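Report on the following structure.
No lab work stands behind these numbers, since they all come straight from the coordinates. Everything numeric in this text was worked out from a predicted model, so none of it was measured. Virtual Cβ from ideal backbone geometry, glycine too; neighbours counted across all protein chains shown.
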């Protein structure tokens with residue numbers, strides 16, 4: 001039902017300067033994979049095969065990453081290094097990538113609107129690559145797709161956030177309709193301390209219905225002079241139905257240095273080492289059988 005995933009990837013990543021002066025924050029590696037590849041993996045696991053990426057100036061390496069590097073392929077052909085490209089080759093083989101440039105940084109709402117040409121008139125997912133979500137059993141987007149099949153409306157992922165940090169997020173309030181699922185009745189972008197409607201913060205996973213584009217076009221610039229997706233979502237909630245889902249899994253804020261380090265340590269211990277061990281076992285069993 002949902003075949004396309006939109007990745008807003010035009011931001012400057014200023015919290016990681018000077019590293020992001022010449023490298024997109026979405027290409028910062030967590031162990032041996034760039035952040036955006038983790039998001040693409042999650043979308044593929046949820047059944048999506050159309051990756052729509054909104055880029056900006058200086059973001060060519062994102063396009064290059066999801067393309068063939070003939071010189072590199074030639075250099076490592078036949079060596080033990082070739083296996084390291086297995087995952088990205090499989091992604092390129094099974095997935096279509098389209099790109100469009102956001103010429104001005106006018107907020108997340110504007111970035112999503114910029115992707116309208118790529119998405120078309122159908123429901124779609126949105127992934128913010130610097131929110132790295134991990135669940136070994138079922139990815140966050142997969143969980144949300146199941147809910148969309150049942151409710152057929154916009155769904156945002158939320159998690160409980162400490163009170164001292166809640167002012168950094170879009171925040172929802174609503175009626176719980178079943179465990180971990182809320183019907184949204186209010187939504188505020190980065191509320192002032194003491195005014196937040198709850199401690200449930202929106203994180204970078206959305207499933208949006210296509211009427212969101214018209215609502216974004218009708219939305220005036222809000223906080224910081226930017227077009228906020230939360231303002232458009234609130235209009236949608238008032239007119240119909242928006243659900244907030246408290247997802248199962250771990251989320252790392254890789255837009256912050258602390259979250260990035262935590263994600264790297266976690267992925268090294270729980271994913272990279274386990275995968276390396278599996279590869280070695282496969283090699284050992286292959287040698288024995290031959």
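Descending by average beta-carbon neighbour count within 10 Å, the peptides 68-78, 88-98 line up as 88-98, 68-78, the highest first. Spacing of the modelled spin labels on residue 271 and residue 21, each 7 Å from Cα toward Cβ, amounts to 2.9 nm.
Using a simple spin-label model with pseudo-atoms 7 Å out from Cα toward Cβ, residue 250 and residue 160 lie 1.9 nm apart.
Summary of packing: across the peptides 125-136, 253-264, the per-residue average of other C-beta atoms within 10 Å ranks them, highest first, as 125-136, 253-264.
Treating the angle as unsigned and between 0 and 90°, give the value, to the nearest 10°, between the Cα long axis of helix 273-289 and the longest Cα principal axis of the chain. The angle comes out near 30 degrees. Placing a label point 7 Å from the Cα of residue 218 along the Cα-to-Cβ direction, the residues of the range 105-148 with a backbone N closer than 20 Å are 108-117, 120-124. Just the number, please: Stokes-Einstein D of the chain in µm²/s, Kirkwood Rh from C-alpha pairs, 25 °C, 0.890 mPa s. The calculation lands on 123 µm²/s.
Cα centroids of the range 148-217 and the range 48-92: how far apart, whole angstrom? Centre-to-centre (Cα) distance: 34 Å. The gain in end-to-end length when the residue 31 to residue 45 segment is fully stretched comes to 3.0 nm, 0.36 nm per residue minus the alpha carbon separation.
Only beta bridges with both residues in the range 4-255 are counted; by DSSP, about 60 percent of them are antiparallel. Among 172-178, 80-86, 29-35, the peptide with the highest mean count of other Cβ atoms within 10 Å heads the list, and the full ranking is 29-35, 172-178, 80-86.
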